[in-house]
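Notes for the one structure printed next.
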Amino acid sequence: MSDQIVQFAYLLAAVLFILGLHNLSSPRTAPRGNMMAAVGMLIAIVATLLVTGVVDYWIILAGVVVGSAIGAVLALRIQMTAMPQMVALLNGFGGAASTLVASAELLRYMRRAESPEGIVPIAIVLGVLIGGVTFTGSLIAFAKLQEMMRGAPITYRGQQFVNALLGLGAVALCVGVVLDPFDMPVFSGLVAMSLLLGVLLVIPIGGADMPVVISLLNSYSGLAACATGFVLGNSGLVISGSLVGASGIILTKIMCDAMNRSLANVLFGAFGAVDEAAVASGAAAARGTVKGYTPEDAAVIFSNSRSAIVVPGYGMAVAQAQHAVRELADELEKQGVRVKYAIHPVAGRMPGHMNVLLAEADVPYEQLIEMDEINPEFPETDVALVIGANDVVNPDARTEKSSPIYGMPILDVDRAKHVFVLKRSMNPGFAGVQNPLFYNDNTMMVFGDAKDTILKMVEAVRQFR
Amino acid sequence: MLDDPAVALTILVLALFVGFEVIAKVPPLLHTPLMSGSNAISGITIVGALLAAGHEERTLSTVLGFVAIVVATINVVGGFLVTNRMLAMFKRKRDRP
């Protein structure tokens, strides 16, 4: 009987998760959706504690208190610009939890001298493998995003061969554990192998490809929870895990499509490694001269404009320029300029990164426009203001078949009447590709820290009021 | 409950489809909160961690369970709180002070 109550509570939790995610379809209902999902989680936890065979509450209380304190501090103190790191870290913890739970279950079977049956041993190895890869893979992604290690791909000769070999080794260890779950050396080998694989699979992936990696790891953390659900025979875990798995898969696909690359190419292509061909084609594109302008020059053009589109990229996040951007937009709007924001799906380091930063700076979300919707508006727009974005505005992606980013959907900023590009220097972006936009006649380059530059623009624009 | 692989697989596949349907309707505007929120949901593994840590025998699996509770709680509490913080920032023009 009590077991049925718990199952019912898990079902209720799953329903609340689904309704919660459903409410994320609009920013107005989204806070309520998040609350519903949190209530669902609380129900699942309380039901587990009250009804099942839990006897040792002290150890649980200690774990929950420590975890809540760390989680709350992280969540309340993290800067919005650091959100990709935060999500990577949370993904990693989810993966670690799955590995730990699957391992603990195996140990309990061993203690009871009772062989796991049916799909349980397969679920255990999957939980350990996916969870382990998610854990260390996310830590590497975190380190790259936090700039604790180089963002550029780390490659070596024979890398793919080594990874393939280790992948086969992991499969062999999985089979070994399924055949004899109580063979501890083999099981430990599997744990070690999955942790190693997580590291090796993420180090060759460059910083600009992090949106894909984080989405994929998000999906893995769900699938690992799913596997754990099979281990425990718990439908609540299976349903919730699959929801998260599905979410990660969809986001991964959106990110890959937005770069016109296959998942395999992102994972194994080491995009952004210093590539002779790319440098050569970049040199060919480096025609004409770049014109450097001051923020005051830009202000003169702004003062004669009716419409402007701001195109934010990772550089805006690095410079923490989102509040300055909002100030500039406010000032321009006061002078009758219509301001919108064009958001490329892979701008920044995770899906939706730019939207969160601009929302933080109180930019109303109606002004944040998606790529397909805003692209037709560029030809009618007086000024496109590109802030720290590079590859997502590179016209070569439309026309230059030899370019590494050819075919990637871009924001057509070059079709605006004037283009201001705010950049720290002429260094090419992460993909290492030169950008002909910088040499166009209607492009004005303004070099310097994006935040300083924009604040100077605000001052200069104010003079024209 | 999930001893029958066919039942288990049925639940898995149906839940995946529900997931695809629901998530596909989330606008790109909210993709970051979607990630952190779904992350918190994947912290459901905490249920397994509670079971692993809370059994009477104190063994290595209790230790693993304890560590699992800590990381899963970070996931749940951190995920829902940071999502809540982010969602509170999305405002319409007329909501602005």
Worksheet entry | Flag for A:Leu223 being assigned to a helix (DSSP H, G or I), under 20 Å from the mean Cα position of the chain (by Cα) and under 30 Å from B:Ala15 (Cα atoms) | yes
Response to the item:
B:Leu81 meets each of (1) closer than 24 Å to A:Arg77 by Cα; (2) open to solvent by less than 10 Å² (accessible area, probe 1.4 Å) with one exception, condition (2)
Fill in: Inter-residue pairs, beta-carbon under 9 Å, first more than 29 Å from A:Ala141 (Cα to Cα) and in the stretch A:177-204, second open to solvent by 60 Å² or more (accessible area, probe 1.4 Å) and at pLDDT below 95, 6+ apart
A:Val178/A:Ile122; A:Pro181/A:Met110; A:Pro181/A:Ser115; A:Phe182/A:Met110; A:Phe182/A:Ala113; A:Phe182/A:Ser115; A:Met184/A:Met110
Worksheet item: Condition test on A:Thr228, is it more than 8 Å from chain B (Cβ to nearest Cβ), part of a helix (DSSP H, G or I) and either crowded, with 21+ Cβ neighbours inside 10 Å or touching a residue at least 40 places away in the same chain (Cβ under 8 Å) (or both)?
Response: no
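Does A:Asn91 satisfy the condition of being more than 10 Å from chain B (Cβ to nearest Cβ), assigned to a helix (DSSP H, G or I) and polar (S, T, N, Q)? Walk me through it before giving the result.
Details: more than 10 Å from chain B (Cβ to nearest Cβ): no; assigned to a helix (DSSP H, G or I): yes; polar (S, T, N, Q): yes.
No; evaluated as a whole, the condition is false for this residue.
Is it fair to say A:Ala384 is part of a strand (DSSP E or B), in contact with a Phe, Trp or Tyr (Cβ under 7 Å, 6 or more places away or on another chain) and small (Gly, Ala, Ser)? Give the steps one after another, and end with the answer.
Values: part of a strand (DSSP E or B): yes; in contact with a Phe, Trp or Tyr (Cβ under 7 Å, 6 or more places away or on another chain): yes; small (Gly, Ala, Ser): yes.
In short, yes.
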Item to complete: Working carefully through the options A:Leu173, A:Leu201, A:Leu217, A:Leu195, find the one that is touching a helix residue (DSSP H, G or I) at 6+ places or on another chain (Cβ under 8 Å), assigned by TED's automatic domain parsing to the domain that holds A:Leu237, closer than 25 Å to B:Val71 by Cβ and open to solvent by less than 20 Å² (accessible area, probe 1.4 Å).
Response: A:Leu217
Worksheet item: Residues in the stretch A:21-37: is at least one free of Cβ contacts under 8 Å to residues at least 24 places away in the same chain, more than 8 Å from chain B (Cβ to nearest Cβ) and open to solvent by less than 30 Å² (accessible area, probe 1.4 Å)?
Response: yes
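I'd like to verify a number: residues in the stretch A:337-381 that are part of a helix (DSSP H, G or I), β-branched (Val, Ile, Thr) and within 10 Å of chain B (Cβ to nearest Cβ), how many? Write out each step before concluding.
We begin by selecting, within the stretch A:337-381, every residue part of a helix (DSSP H, G or I); these are A:353-360, A:365-367, A:371-380.
Now drop any that are not β-branched (Val, Ile, Thr), which leaves A:356, A:374.
In the following step, the residues that additionally are within 10 Å of chain B (Cβ to nearest Cβ) were identified as A:356.
So the count comes out to 1.
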Worksheet, complete the sentence: Residues of the stretch A:387-422 being part of a helix (DSSP H, G or I) and open to solvent by 10 Å² or more (accessible area, probe 1.4 Å), in sequence order, are A:Asp391, A:Val392, A:Asp396, A:Arg398, A:Thr399, A:Asp414, A:Arg415
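So is A:Phe464 modelled with pLDDT of 90 or more and aromatic (Phe, Trp, Tyr) or not?
On the way: modelled with pLDDT of 90 or more: no; aromatic (Phe, Trp, Tyr): yes.
The answer is no for A:Phe464.
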Worksheet item: Listed residues A:Gly233, A:Gly245; which is on the phi > 0 side of the Ramachandran plot and at the interface with chain B (Cβ under 10 Å from one of its Cβ atoms)?
Response: A:Gly233
Item to complete: Return yes when A:Gly269 is on the phi > 0 side of the Ramachandran plot and either at pLDDT below 85 or not assigned by TED's automatic domain parsing to the domain that holds A:Val386 (or both) and no when it is not.
Response: no
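To keep it simple, each residue is scored yes or no on (1) open to solvent by 70 Å² or more (accessible area, probe 1.4 Å); (2) closer than 23 Å to A:Tyr220 by Cα; (3) modelled with pLDDT of 90 or more.
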{"position": "A:Ile119", "(1), (2), (3)": "no, yes, no"}
{"position": "A:Ala123", "(1), (2), (3)": "no, yes, yes"}
{"position": "A:Leu126", "(1), (2), (3)": "yes, yes, yes"}
{"position": "A:Gly131", "(1), (2), (3)": "no, yes, yes"}
{"position": "A:Phe135", "(1), (2), (3)": "no, yes, yes"}
{"position": "A:Ile140", "(1), (2), (3)": "no, yes, yes"}
{"position": "A:Glu147", "(1), (2), (3)": "yes, no, no"}
{"position": "A:Gly151", "(1), (2), (3)": "no, yes, no"}
{"position": "A:Leu168", "(1), (2), (3)": "yes, yes, yes"}
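Mind listing just one residue for me: the one in the stretch A:108-125 that is free of Cβ contacts under 8 Å to residues at least 12 places away in the same chain and in a loop (DSSP other than H, G, I, E, B) and, of those, nearest to B:Arg58 (Cα to Cα)?
Our first condition is that a residue be free of Cβ contacts under 8 Å to residues at least 12 places away in the same chain; within the stretch A:108-125, this holds for A:108, A:111-114, A:117-118.
Retained after the next criterion (residues that are in a loop (DSSP other than H, G, I, E, B)): A:112-114, A:117-118.
Numbers: A:Arg112: 13, A:Ala113: 16, A:Glu114: 18, A:Glu117: 24, A:Gly118: 27 Å.
It comes out as A:Arg112.
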Worksheet item: Within the stretch A:97-107, how many residues turn out to be within 11 Å of A:Val191 (Cα to Cα) and facing another protein chain (nearest Cβ under 7 Å)?
Response: 2
Worksheet entry | Qualifying residue in the stretch A:357-377 (condition: surrounded by fewer than 22 Cβ atoms within 10 Å (Cβ to Cβ), farther than 18 Å from B:Pro27 by Cα and in contact with a strand residue (DSSP E or B) (Cβ under 8 Å, 6 or more places away or on another chain)) | yes
Worksheet item: Out of all the residues in the stretch A:2-20, is one or more assigned to a loop (DSSP other than H, G, I, E, B), under 30 Å from A:Pro364 (Cβ atoms) and more than 7 Å from chain B (Cβ to nearest Cβ)?
Response: no
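The values are calculated or read from the model by the stated rules, or taken from the named source; none is laboratory data. Model, not experiment: these values are computed from the prediction. Here Cβ is always computed from backbone atoms with ideal geometry, including for glycine, and neighbour counts include all displayed protein chains. Side chains are part of the model used for accessible areas, which takes the heavy atoms of the whole protein and leaves out ligands, DNA and RNA. Shrake-Rupley method; radii C 1.70, N 1.55, O 1.52, S 1.80 Å.
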